[in-house]
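Report on one structure; see the data block that follows.
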Amino acid sequence: MQSDCLEFPDQEFRSASQGATRIQVLIGRAREYLGIALNYLSIPGPIADFVITDKLSDQKIEVKRGVLYTKLSVNGRDYYFDRLTGKFGGTGCGC
């Protein structure tokens, strides 16, 4: 049976038990510690513009970055987040 789920990109993420090199393990740990520090400082994570049409649930999800806000649209319902702080700013309707 084939799944209609979104697949992750083909990237070389392996654990040490799966044969990752020492450099790959160190880079993975550095990314993890950087993520912990950014969360501690409440720095929002960047996100790129994209559109996903989910065949399984028949939903359309879209992210669009603006100058002041990042807009997340789910089936035509818009959710706005402050571009710099990541805080929720309000909702709208993408008519």
> From the set of residues in the stretch 55-81 that are among the acidic types (Asp, Glu) and either free of Cβ contacts under 8 Å to residues at least 12 places away in the same chain or in contact with a Phe, Trp or Tyr (Cβ under 8 Å, 6 or more places away or on another chain) (or both), which is farthest from residue 93 (Cα to Cα)?
Replying inline: 58
> Hey, residue 74 hits all of (1) hydrophobic (A, V, I, L, M, F, W, C); (2) out of contact with any Lys or Arg (no Cβ under 7 Å at 6 or more places or on another chain); (3) within 25 Å of residue 39 (Cα to Cα) but one; which does it fall short on?
Replying inline: (3)
> Are any of the residues in the stretch 57-68 in the same structural domain as residue 93 (by TED's automatic domain parsing), modelled with pLDDT under 90, exposed (fewer than 13 other Cβ atoms within 10 Å of the Cβ) and at positive phi?
Replying inline: yes
>> Could you check the stretch 14-40 and list, in sequence order, the residues that are at pLDDT below 90 and surrounded by fewer than 10 Cβ atoms within 10 Å (Cβ to Cβ)?
In response: 17, 18, 19, 22
>> For the stretch 41-56, give me each residue that is loosely packed, with under 10 Cβ neighbours inside 10 Å and either closer than 25 Å to residue 85 by Cβ or not assigned by TED's automatic domain parsing to the domain that holds residue 69 (or both).
In response: 41, 42, 45, 46, 48, 50
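The values are calculated or read from the model by the stated rules, or taken from the named source; none is laboratory data. Keep in mind the model is a prediction, meaning the values are calculated, not measured. Cβ sites come from the backbone with ideal geometry, for glycine too, and all protein chains shown count toward neighbours.
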